[in-house]
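The block underneath contains the structure these notes are about, expressed in structure tokens.
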Amino acid sequence: MTYFAAMEALTRVTEERVDGVLTTVRDTTHEGLVAWMDDIRRQVTGWAALLNITTHTQQLLDAAASDPSQLAALPAQRAVRQTLSPVSIEDHLKGYFIVSPDNLILAASDPQEIGHPSLLAQYPQYYEDLFSAKGFVSIPLEYTNSGGQTEAVILAGAPIRATYGPIQAGLVFYVDPVVDFSRILQSGRLLNSGENLCCEREWPPGE
């Protein structure tokens, strides 16, 4: 009886410790995800507020209203690309697009997307959040690029406001979930000793 009682007590203690470790990992991972989403949202909001973006977006909107087929050839495309291309080559970003209130892509890192509807038509909640001043960070979504390749992306969007305040368009980035999620999950991994490793790498970057 003493042996079985000891085994029962050991099993109970082990289960409690495992539950505690898993809870710590879950909480750490959740905190990392929340911090990451907040950081991405702040970054996209900052890029969308750049004067070079707001000014040239208005030019693209004016052109789209008259002849959308000419969008890709406008000088404003180069100005937008020069501003956003250095951002979109970061290791966790796959590209960007600027979308009008009627879901037309005004500018994009992939020129073949310009003048076509964005994939936000498939996700009305994100579209609504983008044009209601909230902005959004999506769950991982399936995206087929202009080359026909399907990949997983996270969309992060923020409204682009005109100088006088109203929302004129939206800036959306394609975020690579593999790069960022692996970093976040890394922060919740277990050491051999069972400790939670939360400080191996600075996250979010720059904080």
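Nothing in this text is a laboratory measurement; each read-out follows from the coordinates by a stated rule. The shown structure was predicted, so the numbers you read here are calculated from the model rather than taken from an experiment.
For Asn145 and Ala65 in the same chain, what is the full-extension length gain: residue separation times 0.36 nm, less their Cα-Cα distance, in nm? Mind showing how you got there, number by number?
Numbers: separation 80, 0.36 × 80 = 28.80 nm, distance 2.56 nm.
Extra length available between Asn145 and Ala65 comes to 26.2 nm.
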### Message
Using the Karplus curve 6.51 cos²θ - 1.76 cosθ + 1.60 with θ = phi - 60°, what ³J(HN,Hα) values do you get for each residue of region 135-144, in whole Hz, with x for Gly and Pro?
### Response
x, 7, 10, 7, 6, x, 10, 8, 10, 9
### Query
Once amide H atoms are placed 1.01 Å from N in the peptide plane, what residues at a sequence separation of 5 or more from Leu93, or on another chain, have their amide H within under 5 Å of its amide H?
Asp176
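Please report the relative contact order for region 26-186, taking Cα pairs under 8 Å with a sequence separation of at least 6, and give it as a percent rounded to a whole number. All intermediate terms of the calculation are to be shown ahead of the outcome.
Working: 273 pairs, mean separation 41.0, N = 161.
RCO, region 26-186: 25 percent.
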### Query
³J(HN,Hα) across region 109-125 via Karplus (A = 6.51, B = -1.76, C = 1.60, θ = phi - 60°), whole Hz, x for Gly/Pro?
5, 9, x, 5, 7, 5, x, 10, x, 8, 6, 5, 4, 7, 10, x, 5
